[in-house]
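Please treat every number below as a calculation from the coordinates, not as lab data. All of these numbers come straight from a predicted model, not from anything done at the bench. Virtual Cβ from ideal backbone geometry, glycine too; neighbours counted across all protein chains shown.
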Protein chains: 4
Amino acid sequence: MKIAFIGLGHMGNPMARNLLKHGHALKVFDVMPGLVKTLTNLGCDHATSAAKCAEDVDVVITMLPSSPHVRSVYLNATGILSAATPDTLLIDCSTIDPHTARDVAFDARAKSFSMIDAPVSGGTGGAEAGTLTFMVGGDSQDFEKAKPILACMGKNIVHCGGAGNGQVAKICNNMMLAIEMIATAEGMSLAAKLGMDPKVFAGIANTSSGRCWSSDTYNPYPGVIDNAPASRGYTGGFGSDLMLKDLTLVTEAAKAAKHPVMLGAAAQQLYQMHSGNGHGALDFSSIIKLYKKD
Amino acid sequence: MKIAFIGLGHMGNPMARNLLKHGHALKVFDVMPGLVKTLTNLGCDHATSAAKCAEDVDVVITMLPSSPHVRSVYLNATGILSAATPDTLLIDCSTIDPHTARDVAFDARAKSFSMIDAPVSGGTGGAEAGTLTFMVGGDSQDFEKAKPILACMGKNIVHCGGAGNGQVAKICNNMMLAIEMIATAEGMSLAAKLGMDPKVFAGIANTSSGRCWSSDTYNPYPGVIDNAPASRGYTGGFGSDLMLKDLTLVTEAAKAAKHPVMLGAAAQQLYQMHSGNGHGALDFSSIIKLYKKD
Amino acid sequence: MKIAFIGLGHMGNPMARNLLKHGHALKVFDVMPGLVKTLTNLGCDHATSAAKCAEDVDVVITMLPSSPHVRSVYLNATGILSAATPDTLLIDCSTIDPHTARDVAFDARAKSFSMIDAPVSGGTGGAEAGTLTFMVGGDSQDFEKAKPILACMGKNIVHCGGAGNGQVAKICNNMMLAIEMIATAEGMSLAAKLGMDPKVFAGIANTSSGRCWSSDTYNPYPGVIDNAPASRGYTGGFGSDLMLKDLTLVTEAAKAAKHPVMLGAAAQQLYQMHSGNGHGALDFSSIIKLYKKD
Amino acid sequence: MKIAFIGLGHMGNPMARNLLKHGHALKVFDVMPGLVKTLTNLGCDHATSAAKCAEDVDVVITMLPSSPHVRSVYLNATGILSAATPDTLLIDCSTIDPHTARDVAFDARAKSFSMIDAPVSGGTGGAEAGTLTFMVGGDSQDFEKAKPILACMGKNIVHCGGAGNGQVAKICNNMMLAIEMIATAEGMSLAAKLGMDPKVFAGIANTSSGRCWSSDTYNPYPGVIDNAPASRGYTGGFGSDLMLKDLTLVTEAAKAAKHPVMLGAAAQQLYQMHSGNGHGALDFSSIIKLYKKD
C-alpha cells in the first residue's frame, strides 16, 4: 500500500522503517529536513508539506508532538483534510487530549475519511523492535482496516471503543503508572530508611498486594532489578518530561470533565518539581530522587 | 507443643483453631470472656490474665489491636516478660509500629527470650483457611524456630530481617497498596467518565504498565471482577478503617524517620475523609466512592 | 465618551449601568437578546454583533466568560480588531489566562490599538456599588487613558505592569485566597473538633500569625462572622464553581510555565470534589463542608 | 513569689530572666548544667532534679521540648506531681499534643494542684522582649491566678477554654500559618515566574482577598519586606524544623480525632521534604526554595 508518514522523530522514524520492511511504499514529511533524509536514503518519496504528503495515498499516519500540532496539520486551510483523497484511512499515533482527537475525527468523518486515533506505548525500544502496543479509538470497521498496517509496527493492537478512546486509554493508564511509580518510590525508600534490605522488601511486595508493574518490572530503587533504568543511572527508558506531558494531558482532561483526580494532580506536581530540579531527561523512575538522597 | 494464645478476635480465633488442628496444646486468654469460650469448648485451657497465660508454655503468640496494647501486655510489671519462663519463644502477630516492635524485642532479648514480630496479611478468609502470609522480623535462629508453628496458620512465611522488619514490610506494602488502590480508582472512574467501557479499560491497563494488584485482582469498579468486593457492594474484604489504621501507622513511622511520603500522606487523608463520610466498615476498595457518584 | 460594552451578564450589566450614570454614551451587545433589553430600556444603543458594536466608538469594554470567547471576539475574521477604528482603547475585563491576554494584546498593538487587560474583583455586590478593584496589565500610557473610565465602575485601579499582568495578579491572588480559605476551614473545623469554641479560636488566630482575609473577614465557620456567607447558608458571595474556574486557569498557567504549585493543585482538586458533591453554586467558603459534617 | 523554672533552653532562659526582673525569686533546673549557670550567676537558686526544684514553691513553670518529656517530668514516680506542695500552681509552657496536656492536667487536678497549659508564640525575640503571646487552657480561676505571672513574660494572655485548649489554639493556628506561608510562596513565585514584579504583586495581594500574615508581615520572597527573614538569607526567625514539629503534632492530633486536614498533611510533607533538603535550620519562610530556584 501507499502510505504517507508525517512526523519522523524518535518514535516516527523507526515506525516508518518497520513499514518499509513489510513492503509498503512510503512518502514522508517532517518540518525538520534532516529527519527526512534517513528515510529518503532508504528509498522513500518525500513531500514538501504535510498536505502534499497526504495526496494520492491509501493511508496517512501522523506522529506529532502535541494537540495543537494535530489540530493544525489536519484542520488548517491547507491541512490533510483539504488535501487527501476521500476514503483515505487516517491514523493519528500522537498522544494528545481526547477532545482534540474527537474534534479532528468528527471533521474527518464529515468529509468521508476513515479515521482512528492510535497512540502507542512501548517507547523507542518497542518502536525499533516493532513490538509497540497500539490503543485504538474509532469505528470497528476502521479499526479492522488499520489493523494489518499497525501490525507491521506493533504486537498488541487493542480496540478501545469509539473516536478518542485510544487517547483515553493511554492517558488514564499512564496516570495510574505515574502514581504507582511514586507509590513504589515512597514504599521502597521508606522501607530502606526504616532498616530493610531493599531487595528483600521488593521481593515481599512483589508477591503481595503491593505489587505493580513499577515494583516488579521497573523498580526505581538502584540494584533491585538488573536491567531497569534505576540500575544504570536512570538513562534510557521513558523520560520524566514525557511522563509530565502525559500527566498534564490527563489532569486537563479530568478538569474539562469536572472529575477529581487527587493523586493524579499530586503526581503531576511532583513530576513538575522533579523536572524543575533538573531531572526532566532522566527516566521517570528517577522520581525516587525526591525521597532518597544519594 | 504447649502454646499460649493471647488475643482472640476475628483473626486470633481462627488462627488458634488452626493450631489446635495441628495437634498443639493451647492455653488461651482474652479480655473479653465471650471470645475465650469458643476455644475452651474445643478443649483449650484458659488463664485469667495474659501473664498467667504465658506461664509454663513453650511458645506465646499475641494478636493485639495496637502498639500501646502490645507494649503493656509485654512490658507491664505484671506483663508477659515478667511471667514467662526464660527461653520461651514469643511471637507477636499484631500490626504495630516498628519502633514499639523493636523496643519490646529489645527488652525480651535482655531477659533472654526469643522474640519475633510476625504481622500477617490475608484477612479473616486467610486466617480461616490457614493461608495467611507472615512477614517476620527477628534473628534467623528465632525465625527457624517459629517457622513450623507459623506454618500451621499460614502458607507464606517470609523472613524480612532483624526485629521490627516484619512490621516495616507490612506497613510499607500496605502504603503502596492503598496508593495503588486510589490510583486504580482514579484511573477507572476517569476512563469511564471520558466514555470508555470500564471492563475494556481494565483489560488494557492490566496488560500494560498501569497494572497492579488493585487493578487486576481486586478492581474497585463494580462489575469488572466478579468475585471482588466491588461486585457485592463492598462487603467483606479488608475494611477501610483497617487500611486507615495501617496508613496512620506508616505515616507516623515516616515522620519519626523524617522521611517524606507525599502520596502516602494524601492517601491517609483520603481514607480519613472516606471514613468520615460513613464508609469505614466497607472494603477499602470502596474509596472509589470519592470519585464515582452512584 | 462613546463606549461599546460587550458581554452583559451578572457583572457586565451593573458595570454598564454605572458607566451610564457617569454620563457616558453606551452601545451594547450580548449574544443573549434578553440581556441587552435592560440597557436599551435605559436609553443605550445596541448592535447586532460584537464587531458592529465596536465600530465608531472611543472605547470598547468586553466582559466575557472564558479565554476562547475573548480570542474569537477579538481575533476572528469578523472580530473587534477588524471592525474598530484604529486608536480605539480596548479594555478586556474578563478573567482569562495570561497567555491569551498577551496574544490578543500583541495583535491589537500590531494594528495600533491601545489595549489593557483589566480583570476585576469584588463580585456582583462591588459591580452594583461601583466599588470593584481593577487589576490592570498594559502600557502606562494606556493605563492612564483607561483610569477615568474604570473609575466609574470601581474604587481601586491598580497598575500591575505590562500586558497580561492584570490576569497574573488576579489568578495568583485567587490561588492564595483559595488555599487560605481551605487552611481556615481545616484550622477552624479541627479546633472545634478538638473542643474549642470556634469564635474564641477565630479571635486568637485573627490576632496572631494565622490570620488571613478568609479568617478575619470571611470566616467559613457558621456563626463566627455575622454577615459572612457562612452565617446565611453559604448563599450569595463568590460561587465555588467560579473559584474552581480561577483555580483551573492558574494551575494551567503554572503548568505552561513549568512551575510547581503543590497546594494550588490540591486546592483545585478539593474544589472539583466539592463541586462534584453538588455544592458548586454555594459560596466558596462552603468548602468547609468537606471537613465539618453538619 | 517563689517560682520554680524547669527547662532553660532558648525560650526558657529569657523567660526566666524576665521573671527575675519583675522581682520574683527563682529556683531553676535543666538537665544541661551549662544552661543553669547563666541564671545562678544572676542569683537564682538551683536544684539537682525537676522534683527537687518543684518543692516548696508557689508556682512551677515548665518549658520542655516534647510530649514525652512533659509526661515523664510531671507523672514519673519521682516527678513534679509527687514532689510539689498541694495547691502549687503548675504552668506548662511547652508546645505538646492536647491529649498529653489533658492527661497531665487531669492527674494534677486529682492531686489538687491548679494547672494550666500555656504554650507561647513570638519566638526568642518575643521571649527576650517580654512580648510573648500565651494561649492558655484551664479553669478560669487558675487562668486568673496565672495571669500576673505570665504578664511578666508576655503581652497577650488569652484564655482559650478548658485544659488542653492552649495547645489546640497553638497547633491549629500554626497549621493555618504553615499552609498560608506555602500559599504565599506559591503565589509569589508563580506571579514572578509569569512576569510580575514581586513587590507589585505583594502590594496587590496585601490589599486584596489573598492577604495573610505571611504575605503582609513576613513575606517569603527576598526583598519584598525589608526586615523579614527572606531579606537576610532566612536567618533568625522561626526555624523550619520547629514548624515541622508543630505540623507533626497537629496532623497527629487530627488523626487521633479522625479529622481530615488535606492541606495540613500536605504542608507537613512539604516541610519534611524541605528539611530533608538540608534547610531545617532556616526560617520557615524558606519553604519558597521548593518553588523558586535561586
Exercise. Determine the distance separating the Cα centre of the range C:201-229 from the Cα centre of the range A:22-70; give it in Å without decimals.
Key: 62 Å
Exercise. Sort all Cα-Cα distances of the range C:215-260 into consecutive 10 angstrom bins from zero, then give the percent of pairs in each bin up to the one containing the longest distance.
Key: 27, 32, 24, 16, 1
Exercise. In Å³ and rounded to a whole number, note down the convex hull volume per residue for the Cα atoms of the range A:79-205.
Key: 128 Å³
Quiz prompt | Cross-link pairs beyond the 32 Å C-alpha cut-off, checked among A:258/B:255; A:255/D:292; A:145/A:255; B:293/C:37; B:258/C:292; C:255/C:289 | solution = A:258/B:255; A:145/A:255; B:293/C:37
Quiz item: When the Cα centres of the range C:125-148 and the range B:106-145 are compared, how far apart do they sit, in Å?
Solution: 71 Å
Self-check item: Local electrostatic count, residue A:39, Cβ distance below 15 Å [Lys/Arg +1, Asp/Glu -1]
Solution: +2
Exercise. Any chance you could tell me what percent of the C-alpha pair distances in the range C:132-245 go past 20 Å?
Key: 53 percent
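Excluding residue C:24 itself, calculate the net charge of residues whose Cβ lies under 13 Å from the Cβ of residue C:24, where each Lys or Arg counts +1 and each Asp or Glu counts -1. Walk me through the numbers on the way to the answer.
Details: positive: C:2, C:17, C:21, C:27; negative: C:45, C:58.
The answer is +2.
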Exercise. Could you pull the Rg and Dmax for chain D, using just the Cα atoms, both in Å?
Key: 20.3, 65
Quiz item: If you take the C-alpha gyration tensor of the range C:1-63, multiply each eigenvalue by 5 and take the square root, what semi-axes do you get, largest first, in whole Å?
Solution: 14, 14, 10
Self-check item: Phi-based couplings in Hz for the range C:34-48 (Karplus 6.51, -1.76, 1.60; Gly and Pro marked x)
Solution: x, 5, 6, 4, 3, 8, 5, 4, 8, x, 6, 6, 9, 10, 9
Quiz prompt | Integer Hz, Karplus 6.51/-1.76/1.60 couplings in order for the range D:165-181, x for Gly and Pro | solution = 5, x, 5, 4, 4, 4, 6, 5, 4, 5, 5, 4, 4, 5, 5, 5, 4
Quiz item: What net charge is computed for the residues neighbouring residue D:104, neighbours being all others with C-beta under 9 Å from the C-beta of residue D:104, Lys and Arg scored +1, Asp and Glu -1?
Solution: -2
Quiz item: Rounded to the nearest 5, what % of the DSSP beta bridges within the range C:2-162 are antiparallel ones?
Solution: 10 percent
Quiz prompt | Distant-in-sequence amide H partners of residue D:60 (H built 1.01 Å from N, under 5 Å) | solution = D:4, D:89, D:90, D:91
Self-check item: As computed over the range C:235-294, the Cα convex hull volume per residue (Å³)
Solution: 70 Å³
Quiz prompt | the protein assembly as shown, helix-only ellipticity at 222 nm - DSSP H runs n ≥ 4, -39,500 (n - 2.57), divided by all residues, nearest 500 | solution = -14000 deg cm²/dmol
Practice problem: Using only Cα positions of the protein assembly as shown, each an equal point scatterer, no hydration layer, compute I(q)/I(0) via Debye at q = 0.07 Å⁻¹ and quote the log10 values to two decimals. | Solution: -0.77
Quiz item: Hey, what do the phi angles of the range C:283-292 turn into as Karplus ³J(HN,Hα) couplings, whole Hz, using 6.51/-1.76/1.60 and θ = phi - 60°, x for Gly and Pro?
Solution: 3, 5, 6, 5, 4, 4, 5, 5, 10, 10
Quiz item: Along the three principal axes, how long is the range C:2-162 when you take its alpha carbons, biggest first, rounded to the nearest angstrom?
Solution: 37, 33, 25
